[in-house]
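The values are calculated or read from the model by the stated rules, or taken from the named source; none is laboratory data. Fair warning: this is a prediction, and the values are worked out from it, not measured in the lab. Every residue, glycine among them, receives a Cβ derived from its backbone with ideal geometry; neighbour counts consider all protein chains shown. Each accessible area value is taken on the protein alone, full model and side chains, heavy atoms only, with ligands, DNA and RNA left out. Shrake-Rupley method; radii C 1.70, N 1.55, O 1.52, S 1.80 Å.
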Amino acid sequence: AVLQTPAAAPQDIVAGSGRAVQPGDVVVIHLVAESAEGRTVADTRKRGLPFVFQVAEGGVEPWLDRCVRGMRAGGVRRVVLGPESGYGEDGVPPVVPPAATLTVTLTLLEARSAPNGR
């Protein structure tokens, strides 16, 4: 499925501080995703292991790349992903139900320039 921009613009709950995340940065985030029915489908806090990735076009999860850009350390951002912008009509069974609308809350723990300087 082609991933598009999020169904709803990200909403900043907490602004955070420091420099804004830019393409090429390595970010450390906590991510909690809930289905429209209120079922948690992902929770890095519960696992005790934040998600670390490099922000890049066509990266691990294109929607996630776009959503973290501009965030600042300590920031909390919420985004609603419809199936057209998240995991599609098929979902990712058994974790993400088919045609799921997910509410994702991102907490930016850290952002740093890539070791190679981009």
Quick one: putting +1 on the C-beta of Lys and Arg, -1 on the C-beta of Asp and Glu, what dipole do you get for region 39-92 around its Cα centre, in Debye to the nearest 20?
500 debye
Carbon and sulfur atoms account, in whole percent of the 1.4 Å probe accessible area of the chain, for 54 percent
Relative to the Cα centre, what is the charge dipole magnitude of region 19-118, using +1 at the beta carbon of each Lys and Arg, -1 at the beta carbon of each Asp and Glu, and rounding to the nearest 20 debye?
580 debye
Per residue, how much accessible surface does the chain expose to a 1.4 Å probe? Answer in Å², no decimals.
53 Å²
Not counting ligands, DNA or RNA, and with a 1.4 Å probe, what is Ser17's accessible surface area in Å² rounded to the nearest 10?
80 Å²
